[in-house]
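Okay, handing you the structure first.
The values are calculated or read from the model by the stated rules, or taken from the named source; none is laboratory data. These figures come from a predicted structure and were not determined experimentally. Backbone-built Cβ (ideal geometry, glycine too); neighbour counts: all protein chains shown. Side chains are part of the model used for accessible areas, which takes the heavy atoms of the whole protein and leaves out ligands, DNA and RNA. Shrake-Rupley method; radii C 1.70, N 1.55, O 1.52, S 1.80 Å.
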Amino acid sequence: MSIILRLDRVMADRKMSLNELSDRVGVSNVNLSKLKTGKVSAIRFSTLNAICKALKCQPGDILEFIDDGEE
């Protein structure tokens, strides 16, 4: 099973740049870039909360579960 981050898609839908989101959320560009590209293994709820507030979205808009058939 895999959790896929769709932050890039939500940002594009909202026409928000990485710099703008970084300013609104208070997280560095580097860390947001890692989130955007899916190169992280965890995310703090406080960060997820701030991202959802800035993008006016739900966590399910950013996170997607993909069942890869492993059990």
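Counting helices only, and only those DSSP H runs with n ≥ 4, report the 222 nm mean residue ellipticity of the chain as the sum of -39,500 (n - 2.57) divided by its residues, in deg cm²/dmol to the nearest 500.
Using -39500 (n - 2.57) per qualifying helix, the result is -15000 deg cm²/dmol.
List the residues, sorted by chain then number, that are 5 or more residues from LEU63 or on another chain and whose placed amide H is less than 5 Å from its amide H.
Counting only residues 5 or more places away or on other chains, the set is ARG6.
On to the next question. Quick one: 3J(HN,Hα) in Hz for the range 11-19, Karplus 6.51/-1.76/1.60 with θ = phi - 60°, rounded, Gly and Pro as x.
Rounded to whole hertz, the list is 4, 5, 4, 8, 6, 10, 7, 4, 5.
Got the relative contact order for the range 3-71 handy, in percent, Cα pairs under 8 Å and 6 or more residues apart?
On the way: 54 pairs, mean separation 34.8, N = 69.
With pairs under 8 Å counted, the relative contact order is 50 percent.
Using the Cα gyration tensor of the chain, with a ≥ b ≥ c the square roots of its eigenvalues, what is the shape: rounded (a/c below 1.5), prolate (a/b larger than b/c) or oblate (neither)?
prolate
How much FRET efficiency would the formula 1/(1 + (r/R0)^6) give for ASP67 and SER46, where r is the Cβ-Cβ distance and R0 is 22 Å, rounded to 0.05?
Efficiency computed from Cβ-Cβ geometry: 0.20.
Identify, among SER41, ILE66, SER2, the residue whose Cα sits farthest towards the positive end of the charge dipole of the chain, taking +1 on the Cβ of Lys and Arg and -1 on the Cβ of Asp and Glu, with the dipole about the Cα centre.
SER41
How large is ³J(HN,Hα) for each residue in the range 33-47, as worked out from phi by the Karplus curve 6.51 cos²θ - 1.76 cosθ + 1.60 (θ = phi - 60°), to whole Hz, x for Gly and Pro?
Each residue of the range 33-47 in turn: 4, 5, 5, 4, 8, x, 9, 10, 10, 7, 9, 6, 4, 5, 5 Hz.
Okay, moving on. Could you give the size of the charge dipole of the chain about its Cα centre, using +1 on the Cβ of each K and R and -1 on the Cβ of each D and E, expressed in debye and rounded to the nearest 20?
In debye, rounded to 20, the chain gives about 520.
While we're on this one: If a/c stays under 1.5 just call it rounded; otherwise compare a/b with b/c (prolate if a/b is bigger, oblate if not). Do that for the range 1-41, with a ≥ b ≥ c from the square roots of the Cα gyration tensor eigenvalues.
oblate
Continuing with this model, one more query. Roughly to the nearest percent, how much of the accessible area of the chain is carbon and sulfur, given a 1.4 Å probe?
Roughly 49 percent, rounded to a whole number.
Please list ARG24, ARG44, ARG14, ARG6 in order of solvent-accessible area, largest first, computed with a 1.4 Å probe with all protein chains present.
From most exposed to least exposed: ARG44, ARG24, ARG14, ARG6.
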